[in-house]
Each structure stands twice: as C-alpha cells, then as structure tokens.
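Here's the structure, in structure tokens; my notes come after.
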Amino acid sequence: MNISQNYLSSLCCDMDSIKKQVVLASKSPRRKELLEKFNIDFIVDPSNSDEDIDFESDFECYVIKIAELKCMEVAKRYSNSIIVSSDTIVVHNDTILTKPTDRKSAREMLEKLSGNTHLVYTSIFVFDQAKNKKLYECVTTKVLFFDLTDKEIDSYLDSSEPYDKAGAYGIQGIGARFVKNIEGCFYSVMGFPISRFIRMIEQLI
C-alpha cells in the first residue's frame, strides 16, 4: 500500500520538537519501516522480556500488558528517553493465534481464518522517562477473509511471509490478497497504528 507524502505529513506532528532520544523496543521490521516514514530519529533496541504471560482478563488488557513489559524492560537501559513498544495478537473464536511454528501450524491457522472474521488487537505503550509519563492504547480491527482454496494456501506457505507473523499472514504483503474486508485501522493489522502513536507523541512535546 503506497501512501502519499502529503498524507503522511498531515498526520505528522512537528517531529523536530522531539529533543529526547526515541527508542523502539521492537525487532519488528514493519514497525521500523513505519517509523522511518516520518521525521523521527530513533534507534532500535528489542526487548528481552518474557512475553509468555498468563491470559487473565480481556484481550485488550493482555496485549497492553505485553507491550508494557517490553517497554519497561528496555527502559532500564536508558534515561531521559522516550521508549516505544507495541504488540499484536490475532484472535479467532476467542482463541489467540500466535506466530506459526512450522508449515503445518501455519496451514491450520489459515484454514481457520478462511471465510471467517477475526480480530486483530495491537497495543502501543509509550514511556517518557524525563516526565515519568506512560501512555498506552489498544486498537482493535476486524478482518474478514475470502474463502481460501488449498492452492492459495499452499502457494502462500511456499513463501517466507507467514512464518514470523501472528495469524500466519501479513496484510502489507502477499497476504493482502486474502482480505475481503477490514473494519478499523489497516496499520494496526500491519502491527503499528502509526496515527495513534503520533498523537501520543504530540501529548509529550
């Protein structure tokens, strides 16, 4: 999906006003790519936090909690910085679909999503160390898939795309061909609702 520079500029605040170091606590290439579209100087320092936490309440609280753990673990290595973290889960029939472990698990996920609606929850957690201020939000997006044929699934599984993504597909890549309808934020499904992040940063300037 191509975005015009004018559109990006309309979303973007005055990023030159950010004097603190921005640290992206994520190894996701999608999140890095989205931040690079804006005039933000940032570094990447992925979190080493344990994300295997028990699901205790609702999906929004769960995905925010994971992002908070990532953020605060990385924050221990910095001072006077803005730490940014995020997490995405795909939920089908109240079951979280994680990243597939192999071709078989990826196929099972895609077969579940075929012809059905699922929800994508993406959280953003921002910690301004100088102000000791935490901002967080979860964006929920509803995605409907076309009915997928075995041939379509096999062809997709032959690519490298499904294997590092929750739900075994990437909406910004070849997986876009499976999406019949989307209600909500495209970038949330991609893994980082960039417009929400920009508005968080504006609150800290």
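Table for the structure above
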| quantity | calculated |
| --- | --- |
| Per-residue [θ]222 nm for the chain (sum of -39500 (n - 2.57) over DSSP H runs n ≥ 4, rounded to 500) | -9500 deg cm²/dmol |
| Per residue accessible area of segment 78-186, 1.4 Å probe, in Å² | 46 Å² |
| Reachable lysines from LYS180, criterion Cα separation under 21 angstrom, eight or more residues apart if same chain | LYS112, LYS142, LYS151, LYS165 |
| Percent carbon-and-sulfur accessible area, the chain, ignoring ligands, DNA and RNA, probe 1.4 Å | 45 percent |
| Per-residue SASA entry for THR117, accessible area with 1.4 Å probe, Å² rounded to 10 | 70 Å² |
| Stretch gain in nm, segment ASN181-ASP41, where the contour uses 0.36 nm per residue and the Cα spacing is subtracted | 47.0 nm |
| Segment 118-162: chymotrypsin sites (Phe, Trp or Tyr not before Pro) in DSSP loop, at most 14 other beta carbons within 10 Å | PHE146 |
| Separation of the ILE96 and ASP147 label points, Cα + 7 Å toward Cβ, nm | 3.3 nm |
| Loop sites in segment 77-151: GluC sites (Glu not before Pro), DSSP, at most 12 other Cβ within 10 Å | none |
| Mean separation of Cα contacts under 8 Å (6+ apart) over length of the chain, as relative contact order % | 21 percent |
| Accessible surface ranking that places the most exposed of LYS180, LYS142 first, with a 1.4 angstrom probe | LYS180, LYS142 |
| Size of electric dipole in the chain: Cβ of Lys, Arg +1 and of Asp, Glu -1, about Cα centre, debye, nearest 20 | 560 debye |
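The values are calculated or read from the model by the stated rules, or taken from the named source; none is laboratory data. Only a predicted model underlies this, so the values are computations on that prediction, with no experimental measurement involved. Note that we place each Cβ from the backbone using ideal geometry, even for glycine, and neighbour counts take in every protein chain shown. These accessible areas exclude ligands, DNA and RNA; they are computed on the full protein's heavy atoms, side chains included. Shrake-Rupley method; radii C 1.70, N 1.55, O 1.52, S 1.80 Å.
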